[in-house]
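Computed from the coordinates by the stated procedures, all read-outs in this text should not be read as laboratory data. These numbers come from a predicted model, not from an experiment. Positions of Cβ are generated from backbone atoms using ideal geometry, with glycine treated the same way; all protein chains shown enter the neighbour counts.
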Amino acid sequence: MKYDTAYFCGYAKLPSALPTTTTNSGLTLGIKIELESGKMLDVSVTLLSDLAIEMVKSYLVGRNIVDDYDAVAEEIQYRHQGVAAKPIIKALNDIRRNYIEYMEKNRDFLNN
């Protein structure tokens, strides 16, 4: 494959109750994805605490953006007991959709 990885971003509006909304009006989720397999290799997220960022990484790193999406969304819903859970799932869904579209559009180019 021509390129092994790509960086995908998803965005979601944050509830005003979150402290992070003082610096960010929305949540940005960035994921480094192995293109051929769909495996999520690394994650960045615009949450303030190191613990929250670590938790988000634990949900995603090593999982497949397409095949594991439903299980990951369920895990976030049950394990992330903060108001950012829904925005994280929304941003993840955007990334999943963008990854699928990207691979459909660029598969021939990437395989050359």
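Brief remarks on what is shown
- Each Lys and Arg contributes +1 and each Asp and Glu -1, all at the Cβ; summed about the Cα centre of the chain, the dipole is approximately 320 debye.
- Here is how the number arises for the chain: DSSP H runs of 4 or more residues each give -39500 (n - 2.57), the sum is divided by the residue count, and the result at 222 nm is -14000 deg cm²/dmol.
- Choice from ILE89, ILE100, ILE76 with maximal GNM fluctuation in the chain (Cα, 10 Å cutoff): ILE100
- Using only alpha carbons, the chain has a radius of gyration to Kirkwood radius ratio (Rg to Rh) of 1.00.
- With Cα atoms, 0 to 90° folded angle of helix 69-79 axis to the chain main axis: 20 degrees
- Modelled label positions at MET1 and ASN98, each set 7 Å beyond Cα in the direction of Cβ, lie 1.7 nm from each other.
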